[in-house]
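Enquirer: Okay, handing you the structure first.
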Amino acid sequence: MMGGSLGKGRGGSQVVSWGEKGRVIQKYADKVAELLPQIPEPKPAPAAKPRATVSTADELAKLAQLRASGVLTPAEFEAQKAKLLG
């Protein structure tokens, strides 16, 4: 060990007695022990919502409706249909 010896500190915990360095370390450890209970516990992450399963047929029907209503051009419809069908 580097010039120190283990001993019992306050509260029965072991501390290293290194003169001034030991006092600084003990002061730091005491402050950590004081502040640690004030730190709130992390909240668990919310559970992931299950994704709704949509069939390829449903997606094609929606695309056909968009094409029929003029939102999609025939070329856009064909491009999206090709993506869905892989």
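Enquirer: How large is log10 I(q)/I(0) at q = 0.31 Å⁻¹ when the Debye formula is applied to the Cα atoms of the range 35-86, each weighted equally and without solvent?
Expert: Here log10 of I(q) over I(0) equals -1.16.
Enquirer: What does the highest-first list of 40-46, 73-79 look like by mean Cβ count within 10 Å?
Expert: Numbers: 40-46: 5.7, 73-79: 11.9.
Result, highest mean first: 73-79, 40-46.
Enquirer: Quick one: if the Förster radius is 41 Å, what FRET efficiency do T53 and T73 give, using the C-beta to C-beta distance and rounding to 0.05?
Expert: 0.90
Enquirer: Moving on to the next point. For a quick protection proxy, order the peptides 27-37, 49-59 by their average other-Cβ count within 10 Å, most packed first.
Expert: Averaged packing, sorted descending, gives the order 27-37, 49-59.
Readers should treat all values here as calculations from the given coordinates under stated rules, not as data from a laboratory. Since the model is a prediction, treat every value here as computed from it, not as a measurement. Please note: Cβ atoms are built from the backbone with ideal geometry, for glycine as well, and neighbour counts cover all protein chains shown.
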